[in-house]
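Down below is the structure, laid out as C-alpha cells.
All of the numbers you see were taken from the coordinates with simple rules; none came from a lab. Only a predicted model underlies this, so the values are computations on that prediction, with no experimental measurement involved. Ideal geometry is used to build each Cβ from the backbone, glycine not excepted, and the neighbour counts take in all protein chains shown.
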There are 2 protein chains.
Amino acid sequence: MQERVYNFSAGPAVLPLPVLEEAQRDLVALPGVGISVLEISHRSKTFQMIIDEAEANLRKLMNIPDNYKVLFLQGGASLQFGMLPMNLLPAGKSADYIVTGTWSKKAMSEAKTQGNVRCVWNGSETNFDHLPTPEELQANLDPNAAYAYYTSNETIQGVQFPTEPEVGEVPLICDASSEFMYKPLDISKYGCIYACAQKNCGPAGVTIVIMREDLVNASPDNLVSVLSYKKMSDAGSMLNTPPCFAIYVFLLVTEWMLKTVGGIDKMYELNKRKAALLYDVIDQSNGFYVGHARKECRSLMNVPFRTANAELEQKFLEEAKNEGLISLGGHRSVGGFRASIYNAMPLEGVQKLADFMEDFHRRND
Amino acid sequence: MQERVYNFSAGPAVLPLPVLEEAQRDLVALPGVGISVLEISHRSKTFQMIIDEAEANLRKLMNIPDNYKVLFLQGGASLQFGMLPMNLLPAGKSADYIVTGTWSKKAMSEAKTQGNVRCVWNGSETNFDHLPTPEELQANLDPNAAYAYYTSNETIQGVQFPTEPEVGEVPLICDASSEFMYKPLDISKYGCIYACAQKNCGPAGVTIVIMREDLVNASPDNLVSVLSYKKMSDAGSMLNTPPCFAIYVFLLVTEWMLKTVGGIDKMYELNKRKAALLYDVIDQSNGFYVGHARKECRSLMNVPFRTANAELEQKFLEEAKNEGLISLGGHRSVGGFRASIYNAMPLEGVQKLADFMEDFHRRND
C-alpha cells in the first residue's frame, strides 16, 4: 500500500482511513452482490438498503425529528444557493442573509438572481474576522422574511457560530458544509440545514439537505423537477439516478462515526481537543503566529493563521510537506496558512502539525 | 476477491473490470500523492491533470472540433432537461422536440416549465417502437426553432437513431446518455451532445456536455451560476467542486477505450457483434422471443424483448440469475426483459446470455 500523508485540505478533504479501506475492499464486487457499488442500479434492493441506512444513521447521529425530511442531492452547496430561493422565496417576499464570509456572500449573490434579498449584516470591513452580536442581528432582521440564511462555519475565514442566531419565527436556513456532524445540534431550531459532503462527511458529489416538512412542501409546481425539494423528497431522492457511490461512502462515514468514534458527542470532544492543540500553539507563540478570526468566534474546523514574517510562508509550506503535512496553504483572500481539521483528521495528524509549528517557530524566531 | 456476475442493468451499469481494478488499487492513496482521489482538492495539480486528461482523451476518442467546449457537470440528464431551455431557449422563441420514448418525453415535459416547446413527432401510439422518417421530420420541423432536441438511443424502448436527424441550420441537441462513445460521430453536426456517465462511460454523478462555443456563450446573465453553461465553461467545469471521483473513473474508462479496446472504431465493431448475438437468437426463435423495437431502428445498446408466453418471465429471470446473468427485467412500461449491453459488457457476457436464451427456449418451447 502507498504511504499516506496528513491532508489538511479545506475540501475535498480527508476521509477516515477505515472508510477508505472498506470502500477499497469491496470496490470490484460488493459481498453477496457480485458487482461494484459503482455499477449497481439505484432501483436495486441493495442500493435502497444503502440509501435507507445512510438516512437512518444520519437521523440517529443528529437526532433528527420526524417532521424533517432528509434529501441526498447533487450540485454542491452552490446549487443550494439557487434552489433555496427558487423553492422558498416567492415573489412579494424577501429573504434575510447574514454575511460572515466568502460562502454566505456567494449564497446571497446567487439568491439575488432569483428574488428579493436583504443583507442583515456584513463582516467584509474587517475581512470577515468576526460574527454579528445578537443585538446587531435583532436590530436588522425582518420578522416577515421568507427565511433567514447564514453559514455556520466559514471555511475560508475560519469563523464559526458557537450557537444558532436567534431569528424568531422566521425559518432559519443554515449552510453547514464545513462543519456538518461536528457536534450535536437541536435540529428543531432549523428550517433547513444542509451540507455538501466533501468537507466533513464524504466525497464530492452529494449534498445532504435536512428540511422541515412544511418547507419541503412549499416548492412551487413550475420548477424543473430535480430542482424541486418537494419532487425530490416525494421520490426519496431518486427522481433520477442519485450519486450512488458518494452516498455509499457517506454511509460508511456514518457507520464509522457510530461504531468507531462512538457517536456525535465523542466526535465533538475530539474536535475540541484537536482545535485546542493548534490555537494553543498560535496563542503561545508571542505573535510569531497570528490567527485570522477573533478568539470568540474561532472555528474548530478551519484554522487560518499566518506568520508575522510573510517571507517564511513558502519555507513553512515546503518543510511541512516534507514532514507529510500537506495542503496547508491559506486561501488567497486571507493569505498565510489554513489547517482544516475536519472530523476525519486524526488527533495524531493535528498533534504532528502542532509539533511542527512549535519546532518551526523555534528555528525561525 | 468476490466473484463477479454479468450485469445487464440499464444504468448505473457495468464498468470495465480493469477500470474497477485500477480504481481499487489506488483508492486509499494515489501513487506519488499519498491521499485518496476521494480526498484530493479539486484545486490541486493532481486533480487538474485528471480532468485535463479526461477531456483530452474524450477529444481524441470522439474527434471533437476545437470550437466545441467539454463540460463535466452534476445532476444527470434530468438537470440538462432544465439547463438546456434555461440557457438556450429565450422568450419569443420555441424549441422542437422529437419524442421517441420515455426520455425524450421527459425532456420535453421539463422544458415546458422553462419556455415554449413544440412536439415535432411523437411515437407514443405504438409504445415507441419506431422512429420518425426523414419526411415526417421535414414536414414538421420549425426552421426558426431555438434548437431541435432528440434522444439518440431510448434506453427503455431500445430504439436508436442510425444517424442524426436532418434539421438544417437549427442547432441539434442530442441526449446520448445510453450510447455515448459507442461509435464514431461527426460532432460538427451537433449544437450539443451530452450524456450522463452511468450508462455507457462511468459511474453516476457526472454528466458530460459537448457544446458548440457560440451556444455556450449564449447563456443569459441572470442564471444561478452552476446552471449557466457559460459560467461553468469559463471556470473549466470548476466554478464549484466538481464530482471528482466520477470524473476520475471516467478518465480511467477513456484510457481503457484508447489502450485496451483500441479506439472508438474497434468499440463500434465489438458493439455490433454483441448486439447481433442477441438479435439473432430473437429472430431465430420462431416467435418464442419477441423484440420490442422494429428491426430497422433496433438499439445496439439496450435490447428489450419478451417471451410470447408471459408466464415464463419469472422463471427466465430466476434461472438467468442462477447463471450469473443479472438485472435482466424489462422496464414496467415495456415489460418482459431488457439486456443492456453497453461498451463495458464483455463479449463473453453477451455470448453467455445468448446461449442461455437458446437453452431456455429449447427447454420451454
Treat each spin label as a single point 7 Å out from the Cα along the C-beta direction, and report the residue B:45 to residue A:258 distance in nm.
-> 4.2 nm
The farthest towards the positive end of the charge dipole of region A:63-115, of the residues A:102, A:64, A:86, given +1 on Cβ of Lys and Arg and -1 on Cβ of Asp and Glu, is A:102
Name the residues of region A:269-301 whose amide N is less than 13 Å from a point 7 angstrom out from the Cα of residue A:127 along the C-beta direction?
-> A:290-294
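Just in region A:163-264: which chymotrypsin sites (Phe, Trp or Tyr not before Pro) are loop by DSSP and have at most 15 other Cβ atoms within 10 Å? Write down the numbers at each step before the final one.
Details: sites: A:180, A:182, A:190, A:194, A:229, A:245, A:248, A:250, A:256; in loops: A:180, A:182, A:190.
For chymotrypsin sites (Phe, Trp or Tyr not before Pro) across region A:163-264 that sit outside H, G, I, E and B with at most 15 neighbouring Cβ atoms in 10 Å, the list is empty.
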Note the per residue figure in Å³ for the convex hull of the C-alpha positions in chain A.
-> 133 Å³
Can you list which of the GluC sites (Glu not before Pro) found in region A:1-42 are DSSP loop residues with at most 15 other C-beta atoms within 10 Å?
-> A:3
With only Lys, Arg, Asp and Glu charged, each at its Cβ (+1 for the first two, -1 for the last two), find how big the charge dipole of region A:287-357 is about the Cα centre; round to the nearest 20 debye.
-> 320 debye
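Counting only other chains, what is the mean number of Cβ atoms within 10 angstrom of the Cβ of each residue in peptide B:320-328? Provide the component values of the computation, followed by the final result.
Numbers: counts 0, 0, 0, 0, 1, 0, 5, 6, 0.
Average neighbour count from other chains, rounded to a whole number: 1.
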Output for region B:112-173: GluC sites (Glu not before Pro) sitting in coil per DSSP, at most 16 other Cβ within 10 Å, listed by number, reads B:166, B:169
Residue by residue through region A:217-234, the couplings from Karplus 6.51 cos²θ - 1.76 cosθ + 1.60 with θ = phi - 60°, in Hz, x for Gly and Pro, are 6, 7, 4, x, 6, 8, 8, 4, 3, 6, 9, 9, 4, 5, 5, 5, 5, 4
Treating only Lys and Arg (+1) and Asp and Glu (-1) as charged, each at its beta carbon, one finds that the protein assembly as shown has a dipole about its Cα centre, in Debye to the nearest 20, of 60 debye
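Let me have the 222 nm mean residue ellipticity of the protein assembly as shown computed from DSSP H runs of 4+ only, each contributing -39500 (n - 2.57), with the sum over all residues rounded to the nearest 500.
On the way: 23 runs with 258 residues, N = 730.
Mean residue ellipticity at 222 nm (helix-derived): -11000 deg cm²/dmol.
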Once Lys and Arg get +1 and Asp and Glu get -1 on their Cβ, which of A:38, A:8, A:18 lies farthest toward the positive end of the dipole of region A:1-158?
-> A:38
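Under a point-charge model restricted to the Cβ atoms of Lys and Arg (+1) and Asp and Glu (-1), what is the dipole moment magnitude of chain B relative to its Cα centre, in debye to the nearest 20?
Magnitude of the dipole: close to 440 debye.
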Specify which residue in the list A:356, A:300, A:336 is farthest towards the positive end of the charge dipole of region A:235-365, using unit charges on the beta carbon of Lys, Arg (+1) and Asp, Glu (-1), about the Cα centre.
-> A:300
So which of A:106/A:321; A:231/B:93; B:272/B:295; A:112/B:231; A:60/A:106 end up more than 21 Å apart by C-alpha?
-> A:106/A:321; A:231/B:93; A:60/A:106
Please list the non-local residues whose amide H lies under 5 Å from the amide H of residue B:338, H modeled 1.01 Å from N, same-chain partners needing a gap of 5 or more.
-> B:305, B:329, B:330
Distance between region A:102-144 and region B:310-338 - C-alpha centres, whole angstrom = 56 Å
Across all Cα atoms of region B:144-232, Rg and the largest Cα-Cα distance (Dmax), in Å, are 13.7, 38
What list of ³J(HN,Hα) values in whole Hz, one per residue of region B:184-199 in order, does the Karplus curve 6.51 cos²θ - 1.76 cosθ + 1.60 (θ = phi - 60°) give from phi, with Gly and Pro shown as x?
-> x, 10, 9, 4, 5, 6, 9, x, 7, 10, 9, 7, 6, 7, 6, 9
Gaussian network model of chain A, Cα within-10 Å springs - most flexible of A:196, A:297, A:174 = A:297
Any idea how far the Cα center of region A:240-278 sits from the one of region B:167-198, in Å?
-> 41 Å
Residue by residue, what Karplus-based ³J(HN,Hα) values in Hz, rounded to whole numbers, does region A:52-63 have, using 6.51, -1.76 and 1.60 with θ = phi - 60° and x for Gly and Pro?
-> 5, 5, 4, 5, 4, 4, 5, 4, 5, 4, 9, 6
Sites removed, the longest contiguous part of chain A containing no DSSP-loop trypsin sites (Lys or Arg not before Pro) with at most 16 other Cβ within 10 Å is A:113-293
